[in-house]
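Student: Got a structure for you, questions after.
The values are calculated or read from the model by the stated rules, or taken from the named source; none is laboratory data. Owing to the predicted nature of the structure, the values given are computational and were not obtained by experimental measurement. Cβ atoms come from the backbone with ideal geometry, glycine included; neighbour counts cover every protein chain shown. Each accessible area value is taken on the protein alone, full model and side chains, heavy atoms only, with ligands, DNA and RNA left out. Shrake-Rupley method; radii C 1.70, N 1.55, O 1.52, S 1.80 Å.
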Amino acid sequence: VSTEQGKTLKDAHGDVFRGLEVVEHACMGTLQMGEYVSNVSNGIDTYSIREPLGVCAGICPFSFPTMIPLWVMP
């Protein structure tokens, strides 16, 4: 990141670290479990299930070449 984008080494380290924090949070099992609410109405329960939809793409700015993709992709 420092060589290709011209960021300082400290700024590049922070960019990668903040991105990895988001990946760690997004890949924990609780976010992928879905939601379940019982007794929304008489005898009615609601739930949602998260499933992958397929291929995706992300367009990221040059100023944050590491952090933004790590926010978008997980």
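Student: Please go through region 37-62 and give me each residue that is without any contact (Cβ under 8 Å) to a residue 12 or more places away in the chain and of a type in the set (Ser, Thr, Tyr), ordered by number.
Tutor: Those that are without any contact (Cβ under 8 Å) to a residue 12 or more places away in the chain and of a type in the set (Ser, Thr, Tyr): Ser38, Ser41, Thr46.
Student: While we're here: Answer with yes or no whether Gly19 is open to solvent by 50 Å² or more (accessible area, probe 1.4 Å) and out of contact with any Lys or Arg (no Cβ under 8 Å at 6 or more places or on another chain).
Tutor: no
Student: Related question: Regarding region 26-45, can at least one residue be identified that is among the polar types (S, T, N, Q), open to solvent by less than 70 Å² (accessible area, probe 1.4 Å) and out of contact with any Cys (no Cβ under 9 Å at 6 or more places or on another chain)?
Tutor: yes
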